[in-house]
């Protein structure tokens with residue numbers, strides 16, 4: 001099977017540290033991520049923060065959810081995770097990079113994976129890129145807590 005990859009971009013008017021704080025807090029994903037993520041929580045907290053390396057988050061609904069483990073945590077520039085279960089992929093890794101720009105933060109969310117079933121790679125890439133694109137746009141629209 002052929003490794004698949006995609007990336008999406010978005011721009012936030014918030015500074016990188018504020019964007020990172022929203023991204024790294026699994027408990028708040030249900031507030032901003034969109035209709036596919038109605039529940040969000042930590043299955044296991046990480047280090048040095050709850051959302052740090054080793055953390056496992058659960059995202060989805062009561063019946064359908066994915067489990068994702070944080071593998072890199074470099075506040076406020078970079079967060080990476082792998083999908084442990086819940087999606088039709090193997091060896092999925094996503095890297096979210098936050099770069100300061102003149103008026104806020106550029107968000108680049110890129111992922112690579114192997115499809116679980118032969119012949120589904122292009123469709124799964126399209127499907128996941130649409131979901132992740134929505135996540136990136138929703139993340140960019142968040143405003144820092146007052």
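Annotations
- When residues of the range 38-49 are limited to those that are under 20 Å from residue 98 (Cβ atoms) and in contact with a strand residue (DSSP E or B) (Cβ under 6 Å, 6 or more places away or on another chain), the one modelled with the lowest pLDDT: 46
- Considering 90, 122, the condition of being exposed (fewer than 15 other Cβ atoms within 10 Å of the Cβ) and closer than 17 Å to residue 68 by Cα is satisfied by 90 alone.
- Put simply, of 98, 79, 114 the only residue that is under 14 Å from the mean Cα position of the chain (by Cα), at pLDDT 95 or above, assigned to a strand (DSSP E or B) and more than 15 Å from residue 25 (Cα to Cα) is 98.
- Residues satisfying the stated conditions in the range 117-146, i.e. in contact with a helix residue (DSSP H, G or I) (Cβ under 7 Å, 6 or more places away or on another chain) and either at pLDDT 95 or above or assigned to a helix (DSSP H, G or I) (or both): 138, 139
- Checking each residue in the range 1-15 for being within 17 Å of residue 33 (Cβ to Cβ) and surrounded by fewer than 18 Cβ atoms within 10 Å (Cβ to Cβ) picks out no residue at all.
The values are calculated or read from the model by the stated rules, or taken from the named source; none is laboratory data. Here the structure is a predicted model, which means the values were calculated and not measured. Methodologically, a virtual Cβ is constructed for each residue, glycine included, from the backbone with ideal geometry; neighbour enumeration extends over all protein chains shown.
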